[in-house]
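Each reported figure results from applying straightforward, stated rules to the coordinates on display, with no laboratory input. What you see is a predicted model, and the numbers here were worked out from it, not measured in a lab. Here the Cβ positions follow ideal geometry from the backbone for every residue, glycine too, while neighbour counts run over all protein chains shown.
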Amino acid sequence: MKKFKVRQSVPVEQIGEYMNEWQCKKPNCVKVDVIGKSGIYDIYRAVFTDTDVPDENKQNVLVIAQHSGMEITGMTTAMSLGNFLASDNKEAEEFLKKLKIVLVPCPNPYSYSKQSPEFQFRNEAGIDEYTAFGYEGARMDGKAPAAEAIQKLIDEYNPELLLDLHGIWGENQLVIESCGNSAFAHNKFYNTALERRLLSAGDKYGIGQYDNDFRQELRQTDRGCTDEEINARFMPSAKGAVAPVYSYVKYHTIAASYEIAWEQSGLEKVLEALRAGCEVNDYEYYSGYPTRTVISYGHNFVRAWGDTAEKRRKSRIELWEKRNKILVGISHPEYPGLSAVIVSTSPKLSDKHIGNYYRPMREVCENMKSQPGVNADSMMELFDDFYETFAMASLELGKQTEIVNGMTVRIGIPFKDAKVRKVLYNGIEWSPGELEGYTVTKSGSWVFVDVNVPPDKVVPFAIAMVKYDCTTPKCGIIEF
Ligand SMILES: [Zn+2]
């Protein structure tokens, strides 16, 4: 029989010293400090960023190894990342200019100090630090100090990306590498393109990466279904939340756990994730992780506003928190050449202007005439009698709210050659502009028009419209 040997890592009493080396090497780019205590041990954090570059344009990435009690390859991969970021590598320097990367390789040093898988799910108080989380955050009774420390970090940085590195404890032990394949079904990226990209990066080393498509099953999202025979045909999921799910629920973070068997492929996936945060994403308009879209109505969206990462983070979190009170609708049916989106935060005005779900667009415009800052006539000119209705989504009726950090209303046009002719906000023609005005970004065959509404121009009931030219494919029965 094989004898169990624990995977090599930094001894628990040397973790602080090991991490402090990073700060000694690059004092301008690394700050190491203590954020809590687990048993008799300090919990260390390292913040990596180039302090010569202002923070306002940086996105935040949190890399934790929350199961590092005994999932040692999670910790050693995080340590490897620290070594890379503290090196003179050109790409590392690039990352630190564009991102703030917060690293906690061993949040649970008490369990780690035991060097025994028996402590994987058990800290000093006999509690599993990983599942000491819920949708509302970590238990704060002092019995789960690692979970508490991680929640405080999530609340401090409101990260765009959170990676929770998991893995194995034994020498030569195997775990199937994965990203976002967790007992908690929502512990996964909402951006599946990014998930796929990371898995391909691990694949480079000839290590099979677990693909969620292998399962050929769906996630059950019907909360009303209690039929066990039906539910058994969907992917099972653990109850409650873990840190990545909390970060998503609270801050709209792209977040997931990774399983790591080999530090080389594990690190490569993390680096690929950092690369993605430094690139311009066609869909996003700005560089960084695709986190701006907080409310969707088909191909129309309400998105975070602002010309810096900091402004967009603030706006994203506000809109995300108020998501259930922001009503979004569209003019319907749609015809090539004109699209309109309505955004309302006032149940009273929604009721007054639209009433019970449907109303001709021209009538809605007529009703808006009493609203200040509205040119109803210029909207009525564009809506002929075909545009009869609004289809509305999302408002928790009776709950008024107010948007104070600006918003971007995105209108998706499904024609590659679409040319924007006119953009109206409440009937007033707007010019191009990143803070007040519109911007256009192309992604595949889509042309996305973002109507960027600054805080002082957000009103409780607004219509954003785009008139455009395009060519469409031929229609009618095709004969051969
Ligand atoms: Zn784990």
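Here the 3J(HN,Hα) profile of segment 28-38, calculated from phi with Karplus coefficients 6.51, -1.76 and 1.60 at θ = phi - 60°, is 6, 10, 10, 10, 10, 8, 9, 10, x, 9, 10 Hz, Gly and Pro shown as x.
For segment 19-90, the spread of Cα positions along the three principal axes, ordered from largest to smallest, is 36, 24, 23 Å. Sequence-distant contacts, meaning Cα pairs under 8 Å at least 6 residues apart, place the relative contact order of the chain at 13 percent. Take every pair of alpha-carbon atoms less than 8 Å apart whose residues are at least six positions apart; their mean separation over the length of segment 293-469 yields a relative contact order of 29 percent. Mean separation of Cα pairs under 8 Å and 6 or more residues apart, divided by the residue count, gives segment 12-276 a relative contact order of 22 percent.
Each pair of Cα atoms in the chain enters the Kirkwood radius, and Stokes-Einstein at 37 °C and 0.692 mPa s then converts it into a translational diffusion coefficient of 134 µm²/s.
Rg/Rh, computed from the Cα trace of segment 293-469 with Rh as the Kirkwood radius, has the value 0.93. Each of H252, H186, H67 was scored by other Cβ atoms within 10 Å of its Cβ. Listed from fewest to most, they are H186, H252, H67.
The angle between the Cα long axis of helix 15-25 and the main principal axis of the chain comes to about 60°, on a 0 to 90 degree scale.
For the chain, the longest principal axis of the Cα atoms and the long axis of helix 192-203 meet at an angle of about 30 degrees. All other residues whose Cβ lies under 9 angstrom from that of K467 are scored, Lys and Arg at +1 and Asp and Glu at -1, for a net of +1.
Checking the cross-link pairs K58/K399; K188/K314; K250/K369; K152/K322; K239/K311 against a 29 Å limit on the alpha carbon distance flags K58/K399; K250/K369; K239/K311 as lying beyond it.
Under 15 Å from the Cβ of G126, count the other residues' Cβ atoms, weight Lys and Arg +1, Asp and Glu -1, and hand me the total. Working shown, then result.
Numbers: positive: K114, R122, R139, K143; negative: E118, E124, D128, E129, D141.
Taking every other residue near G126 into account, the sum is -1.
Translational diffusion coefficient, Stokes-Einstein: compute it for segment 223-358 using the Kirkwood radius over C-alpha pairs as Rh, at 10 °C and 1.306 mPa s, and state it as an integer in µm² s⁻¹.
Values: Rh = 18.7 Å.
So the translational diffusion coefficient is about 85 µm²/s.
Dipole of the chain computed with +1 at Lys/Arg Cβ and -1 at Asp/Glu Cβ about the Cα centre; of I230, V409, L199, farthest Cα towards the positive end is I230.
Nearest 20 debye, what's the magnitude of the dipole of segment 293-469 about its Cα centre given +1 on Lys and Arg Cβ and -1 on Asp and Glu Cβ? Please report the intermediate quantities before stating the final value.
Values: 23 positive and 22 negative charges, 115 e Å.
Dipole of segment 293-469, to the nearest 20 debye: 560 debye.
Counting other beta carbons within 10 Å of each residue's own, what order do K322, K5, K58 fall into, fewest first? Numbers along the way, then the final one.
On the way: K322 19, K5 11, K58 23.
Ranking K322, K5, K58 by Cβ neighbours within 10 Å, fewest first, gives K5, K322, K58.
With semi-axes defined as the square roots of five times the eigenvalues of the C-alpha gyration tensor, the equivalent ellipsoid of segment 209-285 measures 30, 18, 14 Å, largest first. Toward the positive end of the charge dipole of the chain, with +1 on the Cβ of Lys and Arg and -1 on the Cβ of Asp and Glu, the farthest Cα among G208, A255, Q120 is that of Q120. Charges were assigned to the Cβ only: +1 to each Lys and Arg, -1 to each Asp and Glu. The resulting dipole of segment 12-276 about its Cα centre is roughly 320 debye.
Placing +1 on each Lys and Arg Cβ and -1 on each Asp and Glu Cβ, with no other charges, gives the chain a dipole about its Cα centre of roughly 180 debye.
Seen from all sides and averaged, what is the projected area of the convex hull of the Cα atoms in segment 12-276, in nm²?
Values: hull surface 57.6 nm².
Approximately 14.4 nm², given one-decimal rounding.
Axis of helix 145-157 versus longest Cα principal axis of the chain: the two differ by about 40°, to the nearest ten degrees. Counting Lys and Arg as +1 and Asp and Glu as -1, what is the net charge of the other residues whose Cβ lies under 13 Å from the Cβ of W446? That works out to -1.
Of the peptides 18-27, 454-463, the order by per-residue mean of other Cβ atoms within 10 Å, starting with the highest, comes out as 454-463, 18-27. Across the options H186, T308, V175, the greatest Cα extent toward the positive end of the charge dipole of the chain (unit charges at beta carbon of Lys, Arg, Asp, Glu) belongs to H186. The listed peptides 205-212, 273-280, ordered by packing as a protection proxy, come out as 273-280, 205-212 (highest mean of other Cβ atoms within 10 Å first).
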